[in-house]
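Student: My structure is below; once you've seen it, I'll send some questions.
Bear in mind that the values in this text are calculations on the coordinates, not laboratory data. Since we're looking at a predicted model, the values are computed, not measured. Ideal geometry is used to build each Cβ from the backbone, glycine not excepted, and the neighbour counts take in all protein chains shown.
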Amino acid sequence: MLEFCLHVLIMSAIFGIAAVSLNLQAGTGGLLNFGQIALFGIGAYAVAILTRAGLPWPAALPAGMAAAALGGFAIGRLGRDLAAEYWALATLAVAELVRLVALNEDWLTGGPQGIGGIVGLFPGLDGVARALATLALAALLLLGTALMARRLGQTQFGRVLRLMRENPDLATALGHDIVACKVKVLAIGGAMAGLAGGLYTLYLAFIGPDQLLPFETFLIWTMVVLGGLGNVAGAVVGAMLVTTLYAGIPFLKDAVALPSDLTGSLRVFAIGSIVLAVLMLKPQGLVPERLRRLHAQRP
Amino acid sequence: MTLSVHEVRAGYVPDADILNSLSITVEPGEIVTILGPNGSGKSTLLKTVVGQLRPRAGRVVADGRDLAGIPVHRRIRDCGVAYVPQLDNIFGPLTIRENLELGGQFVAPAARRARLEQLLEHYPNLGRKAGARADSLSGGERQMLALARALMPGPRHLLLDEPSAGLSPLMMDELFAHIRRIRDREGVSVLMVEQNAAESLEVSDRAYVLVMGRVHREGTAREILEDETVGQLYLGTGPVH
Ligand SMILES: Nc1ncnc2c1ncn2[C@@H]1O[C@H](COP(=O)(O)OP(=O)(O)OP(=O)(O)O)[C@@H](O)[C@H]1O
Ligand SMILES: [Mg+2]
């Protein structure tokens with residue numbers, strides 16, 4: 001039970017990072033990235049490939065972040081002239097492309113079997129001690145990512161991102177290059193998602209193409225929407241909630257003896273219902289975006 | 001320092017020109033008003049000058065430089081063309097100070113700070129509330145904020161789309177007087193679209209009347225003010241047949 005709880009917390013922290021990244025792109029910048037899992041996947045595979053080649057994880061992780069940042073940069077450049085809706089569809093296509101490459105380029109990615117047997121985090125520790133150390137690392141990185149995202153939201157760049165989301169024509173008329181902003185936020189978001197992907201690989205000592213299904217992007221979106229678009233704390237809360245639910249349902253299955261082929265559908269059903277309920281009761285999400293504190297009247 | 005539009009054709013959908021071979025000129029330091037019925041293409045003209053709409057034919061020239069191929073976000077920076085749109089021209093959730101900063105992003109930090117303080121002095125109403133959310137301002141104050149923000153980078157040409165829309169008569173007079181002061185102080189030329197013909201002509205040097213995307217009438221502000229058809233259209237003063 002303790003190990004299960006630690007597992008859920010570690011996964012929450014990892015997906016929390018991915019959700020904070022998506023929140024920066026979609027919540028702050030208004031960019032409908034439906035290919036978030038591709039950035040996660042690029043980081044995950046880069047770390048897997050590099051550690052397999054013998055690189056220690058403290059070096060592989062930043063390299064995975066850089067690879068994913070490059071991926072974000074490319075996605076941002078790719079559709080720079082597309083209208084927002086078409087760009088959103090393009091990101092979905094790019095994510096599928098990344099998954100197909102992972103599935104088919106056996107020499108690099110291990111094909112359908114993926115890459116396993118990775119020397120994970122803290123190989124010197126076992127069992128609960130190892131899980132605790134992993135949790136501490138993941139939580140620390142989540143905290144760092146969240147603080148950075150929050151700080152970024154408060155800078156001039158963050159304000160330009162929000163203006164770009166609300167009123168792109170005004171932003172350009174004021175001299176802001178919104179294509180450059182878009183590419184920049186995707187590169188930063190890419191690095192964050194790559195960090196999450198890299199941690200995921202290191203924690204599970206495995207990555208495979210099935211981890212890159214569009215459904216995973218949907219899960220990360222769910223976390224962000226549940227928590228409240230535009231709010232960093234919301235993304236973290238949403239990630240915890242969805243991860244717990246997602247991991248908890250098989251647990252529930254054992255408790256009430258449900259047939260195991262039902263658990264997959266039950267997960268999707270449960271998550272869908274919660275999203276609907278939250279959106280009906282609190283359309284802004286559990287922790288809504290606060291653009292300015294209430295004492296803003298002070299001169 | 002002249003802003004001019006030469007024989008421009010432009011529109012939103014293929015084969016439907018909203019502007020038909022339209023030509024206008026704004027001389028340095030001039031205030032020029034564009035009048036015209038709803039849908040005559042006044043806003044479209046300003047959008048074409050800032051580059052949100054690409055002309056199908058003709059040229060937009062600022063200070064001798066053809067603006068074709070200069071992206072919208074470079075036009076304020078490189079060509080000194082500032083634009084205050086008709087609607088949604090401030091960013092409500094941010095403070096007044098932050099709104100002003102958004103207008104001077106590419107000005108060097110020291111110069112930007114100095115400019116910001118200078119503008120807050122010129123606009124005491126905004127200065128007093130510099131830390132308040134922009135959406136707590138009244139309609140008139142919002143227009144002032146949008147104007148002040150457009151002035152942040154020290155533009156040479158100011159495009160204003162219906163700056164007096166929705167203002168009380170008192171506020172309106174104040175706004176137009178203010179536009180004139182800006183022109184005198186900053187030496188900018190002003191091209192403004194207006195529905196309140198009499199009041200805007202009062203502070204203008206020249207004016208154009210647009211009908212169906214063409215220049216229907218042009219002249220000095222006085223000439224247009226005294227023109228009978230314009231009077232009929234806008235001022236309710238012309239003879240009724
Ligand atoms: N984004 C758009 N897409 C398609 N057509 C448009 C668009 N904006 C304006 N139009 C059309 O272009 C024509 C001119 O519009 P424009 O906004 O320039 O008029 P206007 O003179 O500014 O009118 P108003 O006094 O109502 O502001 C109108 O027929 C309008 O329907
Ligand atoms: Mg208009």
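Student: Of the options B:T48, B:G92, B:S138, report the single residue whose Cα projects farthest towards the positive end of the charge dipole of the range B:31-139 (beta-carbon charges: Lys, Arg +1; Asp, Glu -1).
Tutor: Value: B:T48.
Student: Write down the Kirkwood hydrodynamic radius of the range B:1-102, to one decimal in angstroms, obtained as one divided by the mean of 1/r over all alpha carbon pairs.
Tutor: Over the range B:1-102, the inverse of the mean reciprocal pair distance is 14.8 Å.
Student: Same structure again: Could you pull out every whole DSSP H run in chain A that spans at least 18 Å of Cα extent along its own axis and averages 0.5 or higher on the Kyte-Doolittle scale?
Tutor: Passing helices, by number: A:2-22, A:36-52, A:57-78, A:84-104, A:127-154, A:178-204, A:214-227, A:232-256, A:260-281.
Student: Just tell me which aspartates and glutamates come within less than 12 Å, Cα to Cα, of A:K282; anything on the same chain fewer than 8 places away is out.
Tutor: Once the sequence-local aspartates and glutamates are set aside, nothing remains near A:K282.
Student: Quick check: pseudo-label points 7 Å beyond the Cα along Cα→Cβ at A:Q156 and A:A53, how many nm apart are they?
Tutor: Those two pseudo-labels are separated by 3.9 nm.
Student: Using unit Cβ charges (K, R positive; D, E negative) and no other charged atoms, how large, in debye to the nearest 20, is the dipole of the range A:2-210 about its Cα centre?
Tutor: In debye, rounded to 20, the range A:2-210 gives about 560.
Student: Would you please put A:272-280, B:216-224 in order of how densely packed they are, using the mean number of other Cβ atoms within 10 angstrom per residue and starting with the highest?
Tutor: Packing order, densest peptide first, comes out as B:216-224, A:272-280.
Student: For chain B, set up a GNM with springs between Cα atoms under 10 Å and report which of B:G139, B:G64, B:G41 has the largest fluctuation.
Tutor: Highest fluctuation of the listed residues: B:G64.
Student: Still on this structure: For the range B:104-187, what's the relative contact order in percent, using C-alpha pairs closer than 8 Å and at least 6 residues apart?
Tutor: 29
Student: Take every Cα-Cα pair in the protein assembly as shown and report what % of them are more than 40 Å apart.
Tutor: The proportion of pairs with Cα distances above 40 Å equals 38 percent.
Student: Along its three principal axes, how long is the range A:110-190 when you only count alpha carbons? Whole Å, largest extent first please.
Tutor: 58, 33, 15
Student: What span do the alpha-carbon atoms of chain A cover on each of the three principal axes, reported in whole Å from largest to smallest?
Tutor: In descending order, the Cα extents are 56, 43, 34 Å.
Student: I would also like to ask the following. Between the range B:1-70 and the range A:118-136, what is the separation of their alpha carbon centroids in Å?
Tutor: Going from one Cα centre to the other spans 66 Å.
Student: To the nearest Å, what is the center-to-center distance of the range B:117-187 and the range A:1-25, using C-alpha atoms only?
Tutor: Between the Cα centre of the range B:117-187 and that of the range A:1-25, the gap is 48 Å.
Student: Could you give each residue of the range B:26-37 its phi-based ³J(HN,Hα) in whole Hz, using Karplus coefficients 6.51, -1.76, 1.60 with θ = phi - 60°, and x for Gly or Pro?
Tutor: 10, 6, x, x, 8, 10, 10, 9, 9, 10, x, x
Student: From other protein chains only, count the Cβ atoms within 10 Å of every residue's Cβ in A:175-181, then give the mean.
Tutor: If you average over the peptide's residues, the count of other-chain Cβ atoms is 5.
Student: Specify the inter-centroid distance of the range A:87-110 and the range A:204-277, based on alpha-carbon positions, in whole Å.
Tutor: 22
Student: Would you compute, from DSSP H runs of 4+ residues alone, the mean residue ellipticity of chain A at 222 nm, taking -39500 (n - 2.57) per run and dividing by the full residue count, rounded to the nearest 500?
Tutor: Per the formula, -24500 deg cm²/dmol.
Student: When Cβ neighbours within 10 Å are restricted to other protein chains, what is their mean count per residue of peptide A:166-172?
Tutor: Partner-chain Cβ atoms within 10 Å, mean over residues of A:166-172: 6.
Student: Dividing the alpha-carbon radius of gyration of chain B by 2.2 N^0.38 Å (N being the number of residues), what value is obtained?
Tutor: Chain B yields a ratio of 1.00.
Student: Averaged over every viewing direction, what's the projected area of the C-alpha convex hull for the range B:93-138? Give it in nm², one decimal, please.
Tutor: 3.0
Student: By the scheme Lys and Arg +1, Asp and Glu -1, what is the net charge of all other residues having a beta-carbon under 12 Å from that of A:K182?
Tutor: Here the charged neighbours net out to +2.
Student: Could you please report the charge total around A:A84, scoring K, R as +1 and D, E as -1 over all other residues with beta-carbon less than 11 angstrom from its beta-carbon?
Tutor: Summing Lys/Arg as +1 and Asp/Glu as -1 gives +1.
Student: Note down the nm distance, to one decimal, between modelled labels 7 Å out along Cα→Cβ at A:L281 and at A:L97.
Tutor: According to this spin-label approximation, the distance is 4.2 nm.
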